[in-house]
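> Provided herewith is a single structure, encoded as structure tokens, for subsequent inquiry.
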Amino acid sequence: MRAFLVILALTTCSFLRAETGYDAWLRYPPLDSATMPSYSRLPAVVFAPGKSTVIDSAKQELVRGVRRLLGRTLREESGLPEEDAIVLITYDALPGVAVGIEIPSQQVEGSYFLKALTRRGHRLLIVAGADERGVLYGTFALLRRIALHGEIENLDEKDAPYAPVRWTNEWENLDGSIERGYAGRSIFFDNGHVVGDLTRARDYARLLASVGINGCTVSNVNANPHMLTSEFIPELARLAGAFRPWGVRMAISIDFGSPKEIGGLDTFDPLDPRVIAWWKQKVDEVYAAIPDLGGFVLKADSEGRAGPSTYGRTHADAANVIGRALKPHGGLLFYRGFVYNHHMDWRNLKNDRASAAWDNFHDLDGKFDDNVIVQIKYGPIDFQVREPVSPLFGALHATNVAIELQVTQEYTGQQRHLCYLAPMWKEVLDFDLHADDGPTPVKALVSGRVFYHPTGGFVAVSNVGLDANWLGNDLAMANLYSFGRLAWNPDLSARDAVQEWTRLTFGDDVRVVDAIVGMQLESWPAYEDYTGFLGVGGLTDILGVHYGPGIESSERNGWGQWHRADEHGIGMDRTVATGTGFVAQYSPPLAHEYESLAECPDNLLLFMHHVPYTYQLHSGKTVIQHIYDSHYDGAARAQTFPERWRQLRGRIDEQRYQAVLARLEYQAGHAMVWRDAICDWFAKTSGIPDARERVGNHPDRIEGESMTLDGYTVEPITPWETASGGKAIGCPQPSCSVSFQWKGKPGWYRIAVQYFDERDGVSSYRLSAAGQLIDEWLANNDLPSDKPNGHTSTRRTITGVALRPGDGIRIDATPDAKDRADIDYVDIVPNLQQGETAILRR
Ligand code: GCW
């Protein structure tokens, strides 16, 4: 018996070894003994003719993957052996090795085929690519197939990427910070330089390549001109070396003012001959150091960046001057379509930020050179949880375009919330803009398939950081994976992508796969429900960190993320008849649908129309009741996540299990912060109560300000809706306590403490009931504010507490630095209350 237990312990340990998440979907865990025999006939030898760093990476990856999956070390041969072999080869070398194989006529960059065949009595497994990248992608596809237990005996598969551009952008700054990055500091830069150790950069390139991504812009679009200085170029060249073995072309973001900023000229006018010469000379200098540089990304005339408007020139003038310098080197210039005026007069009801991209670019169609790509965010505003598709995709018929998506969850929970975005991307990519006769889905438009552009495709802002698991949350990596897979094949379903990712990341246990796939697929609708109903957009802190609720921050300023909510109604009127006229940017069938109140889909209603709160939706609900119901539904859905995750304990390694659990528990609490802030604000503003009497009605809640305070003082919270009752209590001295008496029935209870976890100190809390210490914790989460508000409001839940009438409940708190150990309220409910998720004891 003891021996059995030891064996069991050993096997469990090896299977569930602690994992940091660093390997992401490239873990290659050993196949189980039932699956292993299917691969017994895998050749023992790998042969890759010719010399290529990329194919060499493919070979090393194959050796590594097979060793981990199957426990066998492939033998590397320099010639085709007289035995079974795996052959990694480009199409042009193929006839020299295996005559008579049909080579695909379509040979787009990165395409490949996998084929099992017999030659001279030996079985060959051919991984053939149109180019070296194709060989690499084919190798990853073969490993993926084995990791997913696919058949390889009769392998005969071919694949090609849907579009030439499959890139990520990283908004990393030279000082090592990352704009809108939520997973630690930069993996590329620190302290004004490229980091010394490029292991992370190399491993990131490998991850990208494994899903077919072929370009990566390493620096923030809010660009630092120093990048292009002669001193810095060698550093960039070293960084490019980390990407090269994986066939990922590095690129950088540039500043349009560079000729003046660092070039010693007194102008950056794109039509000035000195500026033209400067760009040419500078680009030549960069390419002398980095011959395979992918190109540049340029954010101009946007959010304070230098641009052609200074000289009355057009975006095409700006793009082409640099595009022409890049052209001889095969470089691309991505010109961002995210151009708008952030000083718009909010009082003018005809002003509209949504119109800006189309207004700025549609007239320039056909004026951009053929190595320029206009890079357009998926919606007309800015990465909101729900937006209509940007009409600009349909307007550029003679211009290369790329769609810009966000893996980094700037407006969708910043990786602290689970929000799997592939279902949203799929809706966008499949959306038909009716840009021409016949179907014109966005995926076909951006890849140049409708109007036959030479290039175009898919870009995602990724912003991985130094956190071991790259994005700060193991589950968020599904977004990076799915982005790559969809950029390769946008016809893949979001479910298939996440299913594949889950199996590669967490293994094949059906319960694990079903639970994770289920939560991932529910997460975007849930997030939309508790943060961004009916296409309203902009209910977060628009002027700041874009995280927690901050409803009024959108209004009365020039940034243009207005929702126009007041006591009478809500929504931006973008109709032609009475509003900003934005809907006219769509083709007639869509413009008609959006213009008409009756036909506009509910989920975009408030993007297109301003309506009273009593307006009845297609669903039959009024707008105001929809606001209440969706927030309660969405928050309730988020409440189920931690419990569903807990069911997986022991089926996932403990390290990732705990890390994800902490995030899901936090999300469940923060979803309620969102719910209450939005519901309270709209109840107060509209004056219309919740028909189901939940809003503002919290019989189980004991407000901090109504407890007996010892040292604590009552303080108003800004914005008011982010604290229950608009107030909280803060401790202005070295320690404080707060207490109240339990007056309910005897029984088992769940106590939740709603407190504020600021980033300017680590306060500590101790909760006791009837004189007994029940729980203690530190407010040490890394939340994006140093104030008590909707970004920092956090819930601590303690289950299974036995209470008797008259018990004293007390919290002792010790503030730290500027964090005053603020408390909002305590909420006590029977442990497993009906209608609530059973929260099991940890
Ligand atoms: O959404 C906004 C972000 C900025 C970002 C900008 C952009 C890099 O708040 O941080 O700047 O978009 O996409 O250029």
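> Can you find, within the stretch 221-238, the residue that is surrounded by the fewest Cβ atoms within 10 Å (Cβ to Cβ) among those that are assigned to a loop (DSSP other than H, G, I, E, B) and away from the ligand (no atom under 16 Å from the Cβ)?
Of everything passing the filter in the stretch 221-238, Glu231 is surrounded by the fewest Cβ atoms within 10 Å (Cβ to Cβ).
> Among the residues of the stretch 431-446, how many are among the charged types (D, E, K, R), farther than 22 Å from Thr408 by Cα and outside any loop (DSSP other than H, G, I, E, B)?
Selection size over the stretch 431-446: 1.
> Quick check on Gly264: is it assigned to a loop (DSSP other than H, G, I, E, B), away from the ligand (no atom under 16 Å from the Cβ) and at positive phi?
yes
> Quickly run through the stretch 512-541 and pick out the residues that are modelled with pLDDT of 95 or more, open to solvent by less than 20 Å² (accessible area, probe 1.4 Å) and outside any helix (DSSP H, G or I).
Across the stretch 512-541, the qualifying residues are Val536, Leu539, Thr540.
> Further, regarding this structure: Restricted to the stretch 751-774, and to residues that are assigned to a strand (DSSP E or B) and open to solvent by 30 Å² or more (accessible area, probe 1.4 Å), which residue is farthest from Asp822 (Cα to Cα)?
Gln772
> Which count do you get for residues in the stretch 320-337 that are open to solvent by 50 Å² or more (accessible area, probe 1.4 Å) and either within 16 Å of the ligand (Cβ to nearest atom) or in contact with a helix residue (DSSP H, G or I) (Cβ under 7 Å, 6 or more places away or on another chain) (or both)?
1
> Which residues, taken from the stretch 123-143, are part of a helix (DSSP H, G or I) and open to solvent by less than 40 Å² (accessible area, probe 1.4 Å)?
Of everything in the stretch 123-143, those that are part of a helix (DSSP H, G or I) and open to solvent by less than 40 Å² (accessible area, probe 1.4 Å) turn out to be Gly134, Val135, Leu136, Tyr137, Gly138, Thr139, Phe140, Ala141, Leu142, Leu143.
> Taking the options Leu606, Leu597, name whichever one is open to solvent by less than 10 Å² (accessible area, probe 1.4 Å) and at negative phi.
Exactly one of Leu606, Leu597 is open to solvent by less than 10 Å² (accessible area, probe 1.4 Å) and at negative phi, namely Leu606.
> Something else: Check His362 against each of (1) farther than 20 Å from Gly558 by Cα; (2) in contact with a Lys or Arg (Cβ under 9 Å, 6 or more places away or on another chain) and name the one condition it does not meet.
(2)
> Ok, one more. Please specify each residue of the stretch 397-423 satisfying the condition of being more than 19 Å from Asn469 (Cβ to Cβ) and either open to solvent by less than 10 Å² (accessible area, probe 1.4 Å) or of a type in the set (Asp, Glu) (or both).
Within the stretch 397-423, Thr399, Asn400, Val401, Ala402, Ile403, Glu404, Leu405 meet the criteria.
> Which residue pairs have Cβ atoms under 7 Å apart, sit 6 or more places apart or on different chains, and have a first residue in the stretch 690-714 that is free of Cβ contacts under 8 Å to residues at least 40 places away in the same chain and a second that is assigned to a loop (DSSP other than H, G, I, E, B) and surrounded by 18 or more Cβ atoms within 10 Å (Cβ to Cβ)?
Gly711/Cys731
> Which condition number does Phe383 fail, the rest of (1) part of a loop (DSSP other than H, G, I, E, B); (2) within 13 Å of the ligand (Cβ to nearest atom); (3) in contact with a helix residue (DSSP H, G or I) (Cβ under 9 Å, 6 or more places away or on another chain); (4) closer than 17 Å to Leu486 by Cβ being met?
Going through (1) part of a loop (DSSP other than H, G, I, E, B); (2) within 13 Å of the ligand (Cβ to nearest atom); (3) in contact with a helix residue (DSSP H, G or I) (Cβ under 9 Å, 6 or more places away or on another chain); (4) closer than 17 Å to Leu486 by Cβ one by one, Phe383 breaks only (3).
> Looking only at the stretch 150-183, which residues are in contact with a helix residue (DSSP H, G or I) (Cβ under 6 Å, 6 or more places away or on another chain) and either assigned to a loop (DSSP other than H, G, I, E, B) or within 16 Å of the ligand (Cβ to nearest atom) (or both)?
Of everything in the stretch 150-183, just one residue is in contact with a helix residue (DSSP H, G or I) (Cβ under 6 Å, 6 or more places away or on another chain) and either assigned to a loop (DSSP other than H, G, I, E, B) or within 16 Å of the ligand (Cβ to nearest atom) (or both), namely Pro161.
> Now, a different point. Of (1) of a type in the set (Val, Ile, Thr); (2) buried (at least 21 other Cβ atoms within 10 Å of the Cβ); (3) under 19 Å from Gln625 (Cβ atoms), Thr685 satisfies all except one. Which?
Only one criterion is unmet by Thr685, namely (2).
> How about the stretch 338-378: which of its residues are more than 16 Å from Ala402 (Cα to Cα) and within 16 Å of the ligand (Cβ to nearest atom)?
Selection gives Tyr340, Asn341, His342, His343, Met344, Arg353, Ala354, Ala356, Asn360.
The values are calculated or read from the model by the stated rules, or taken from the named source; none is laboratory data. Given the structure is predicted, the values throughout are model-derived calculations rather than measurements. Don't worry about glycine lacking a Cβ; one is built from the backbone with ideal geometry, like all the others, and counts go over all protein chains shown. Keep in mind that these areas ignore ligands, DNA and RNA; they rest on the heavy atoms of the full protein, side chains included. Shrake-Rupley method; radii C 1.70, N 1.55, O 1.52, S 1.80 Å.
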